[in-house]
Amino acid sequence: AWGERLGVTRDESDFAVDQGWAALRAFDSEMQRRGMQLLAQLEDEGRVGILLLARPYHADPGLHHGVLDEFQALGYPVLSIRSIPKDPQWLARFFAGEGGDPLGVADVWPEAYSTNSAEKVWAAKFAARHPNLVVLDLSSFKCGHDAPTYGMIDNIVAASATPYSALHDLDANKPSGSLKIRVRTYGHTLQRHAERLQDLHAAKDELARRIEAKRRELRARARARDGEVNREEKGGLDGLATHDPASERDYAAWLGEETVPRFAPLEPTTGRACDTAATAHPITIHRRTS
């Protein structure tokens, strides 16, 4: 019936659907790539980013009432849920040792029934594990699907002491004035959080610098010690090469061995000592004393 009304064949419809899904996957991939870059930049620079927990329609300026622009004007980049990388290997860094699916929410919401609500809860879990992210939770029209998530999200971020602001009344009449006040209030909290992050970032850099300096010092000591040992070994081997009995004894002592005299062999016919025995040198018996 729809084919006749739309003037398309089934093959054309299937092709259009496939192209639509491919475009959606490409969009999500690009969003996650940019999100990964931004998260890496926040970590490298010790800065704060805002993770937005919201419905897709909150991307509309008419529905978010310019709140996102206000925060970005204060210097805090805003990430959406879709911009968080979903690669399990990448996420393992934050969910390591917890078991289960790093993209799951069954541990906090066993009976999740709404896809977008479950995404908001999962994003709160991620923000609670990322030191450079804070949370902004938006809700409009007293959304019934969002209502069950309020308490869960609040408990998740409270457990990790993640800065969190909830604006659940964006559809109020003429909200611009009150929203600006709340943005500035939350902005002050974020500024203090950013200062703590900067202090922590500087402390980590200083620790890394000291560790590297100590590593170089230990390597230099090891090289100097190895050079001294090599010189001593070379001196001992040179003494052995000249068959100097004193050098041989010194080298044996350095090795922790002992030297014993080599007795002259007897001639098999006369039973007398060989003439060479008088000039025989001691030989080293490799007998460890320790």
Selection from the range 64-80 of residues that are farther than 24 Å from residue 195 by Cβ and either polar (S, T, N, Q) or outside the structural domain of residue 169 (by TED's automatic domain parsing) (or both) = 80
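Is there a residue being without any contact (Cβ under 8 Å) to a residue 40 or more places away in the chain and part of a helix (DSSP H, G or I) anywhere in the range 70-81? So that I can check it myself, show each step before the final result.
Within the range 70-81, the first condition is being without any contact (Cβ under 8 Å) to a residue 40 or more places away in the chain, and the residues that meet it are 72-73, 75, 77.
Still in the list and also part of a helix (DSSP H, G or I): 72-73.
Within the range 70-81, one or more residues are without any contact (Cβ under 8 Å) to a residue 40 or more places away in the chain and part of a helix (DSSP H, G or I).
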Inside the range 95-147, the number of residues satisfying the requirement of being free of Cβ contacts under 8 Å to residues at least 60 places away in the same chain and among the β-branched types (Val, Ile, Thr) is 4
Give the residue that is nearest to residue 69 (Cα to Cα), with candidates limited to residues of the range 84-121 that are outside any helix (DSSP H, G or I) and among the small types (Gly, Ala, Ser).
-> 114
Identify all residues within the range 53-74 that are farther than 17 Å from residue 187 by Cα and among the small types (Gly, Ala, Ser); write none if there are none.
-> 54, 59, 62
Where residue 46 falls short, out of the listed (1) farther than 24 Å from residue 160 by Cα; (2) in contact with a helix residue (DSSP H, G or I) (Cβ under 6 Å, 6 or more places away or on another chain) | (1)
Restricting attention to the range 39-64, which residues are in a loop (DSSP other than H, G, I, E, B), in contact with a strand residue (DSSP E or B) (Cβ under 8 Å, 6 or more places away or on another chain) and more than 20 Å from residue 205 (Cα to Cα)?
-> 54, 55
Given (1) in contact with a helix residue (DSSP H, G or I) (Cβ under 9 Å, 6 or more places away or on another chain); (2) under 22 Å from residue 119 (Cα atoms); (3) assigned to a loop (DSSP other than H, G, I, E, B); (4) not charged (D, E, K, R), residue 36 misses just (3)
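Residue-wise test of (1) under 16 Å from residue 157 (Cα atoms); (2) surrounded by 13 or more Cβ atoms within 10 Å (Cβ to Cβ); (3) under 16 Å from the mean Cα position of the chain (by Cα); (4) modelled with pLDDT of 85 or more.
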position: 28; (1), (2), (3), (4): no, yes, no, yes
position: 90; (1), (2), (3), (4): no, yes, yes, yes
position: 95; (1), (2), (3), (4): yes, yes, yes, yes
position: 99; (1), (2), (3), (4): no, no, no, no
position: 106; (1), (2), (3), (4): no, no, no, yes
position: 114; (1), (2), (3), (4): no, yes, no, no
position: 129; (1), (2), (3), (4): yes, yes, yes, yes
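Results for (1) in contact with a Lys or Arg (Cβ under 7 Å, 6 or more places away or on another chain); (2) part of a loop (DSSP other than H, G, I, E, B); (3) of a type outside the set (Val, Ile, Thr); (4) in the same structural domain as residue 41 (by TED's automatic domain parsing), shown as yes or no for each residue.
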position	(1), (2), (3), (4)
123	no, no, yes, no
134	no, no, no, no
141	no, yes, yes, no
151	no, no, yes, no
154	no, no, yes, no
157	no, no, no, no
166	no, no, yes, no
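Any residue at all in the range 63-74 that's in contact with a Gly (Cβ under 6 Å, 6 or more places away or on another chain) and either under 19 Å from residue 149 (Cβ atoms) or not hydroxyl-bearing (Ser, Thr, Tyr) (or both)?
Taking the range 63-74 first, the residues in contact with a Gly (Cβ under 6 Å, 6 or more places away or on another chain) are 74.
Filter once more, keeping what is either under 19 Å from residue 149 (Cβ atoms) or not hydroxyl-bearing (Ser, Thr, Tyr) (or both): 74.
Yes, because at least one residue in the range 63-74 is in contact with a Gly (Cβ under 6 Å, 6 or more places away or on another chain) and either under 19 Å from residue 149 (Cβ atoms) or not hydroxyl-bearing (Ser, Thr, Tyr) (or both).
The values are calculated or read from the model by the stated rules, or taken from the named source; none is laboratory data. Bear in mind that the values here come from a model prediction, so they are computed numbers and not experimental data. All Cβ positions, even for glycine, are placed from backbone atoms using ideal geometry, and neighbour counts span all protein chains on display.
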